[in-house]
Amino acid sequence: MGGASTAIYAGGVFNLAFAAFHVLFWRLFNWDRDLATLSAINRAVMQILNLCLTFIFLAFAYLSFQHADELLGTRLGNALLSLIAFFWLLRAIQQAIFFGLRHRLSSALFGLFLVGASLYAYPAWLSRAT
């Protein structure tokens with residue numbers, strides 16, 4: 001399943017890129033300044049959620065790089081592929097709901113999240129078919 005493995009490895013790179021992006025949130029979005037306007041609890045929640053999401057991206061990347069064969073060859077692997085695909089599909093839907101699709105950047109992110117979903121849905125579909 002060469003194409004499926006390639007998609008999974010590409011998904012690993014995709015998730016690593018999003019982990020790096022999320023690590024930069026403090027600087028990119030001026031969180032030192034902007035989060036200061038929130039209550040201490042909400043400020044902490046924002047940062048904790050971002051750090052946990054960064055961990056999830058790293059976990060997805062690890063699974064993609066180190067366990068592609070198991071992802072493709074087992075029922076549990078197929079379930080994980082499907083769940084990762086669904087995660088990125090949900091993120092695309094949330095992009096449209098919370099940010100709209102009128103701006104180019106928002107539309108580009110929407111498309112990018114659909115790419116992420118496809119990178120895992122394709123091998124999940126292929127491994128289910130065999």
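Values computed for the structure shown
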item: Degrees separating the helix 104-129 axis from the principal Cα axis of the chain, which is the longest one; result: 30 degrees
item: GNM flexibility winner over the chain from Ser118, Ser39, Ser82 (Cα, springs under 10 Å); result: Ser39
item: Kirkwood Rh in Å, taken over all unlike Cα pairs in the chain; result: 15.7 Å
item: Rough spin-label spacing in nm, given labels placed 7 Å along Cα→Cβ, for Phe99 and Arg27; result: 2.0 nm
item: Rounded tilt (10° steps) of 40-66 against the dominant C-alpha axis of the chain; result: 20 degrees
item: In degrees, nearest ten, helix 2-23 long axis to first principal axis of the chain (Cα); result: 10 degrees
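Rule-based calculations on the coordinates, nothing more; no lab input. It should be emphasised that the depicted structure is a prediction, and the values quoted were computed from it without experimental measurement. We place every Cβ from the backbone using ideal geometry, glycine too, and count neighbours over all the protein chains shown.
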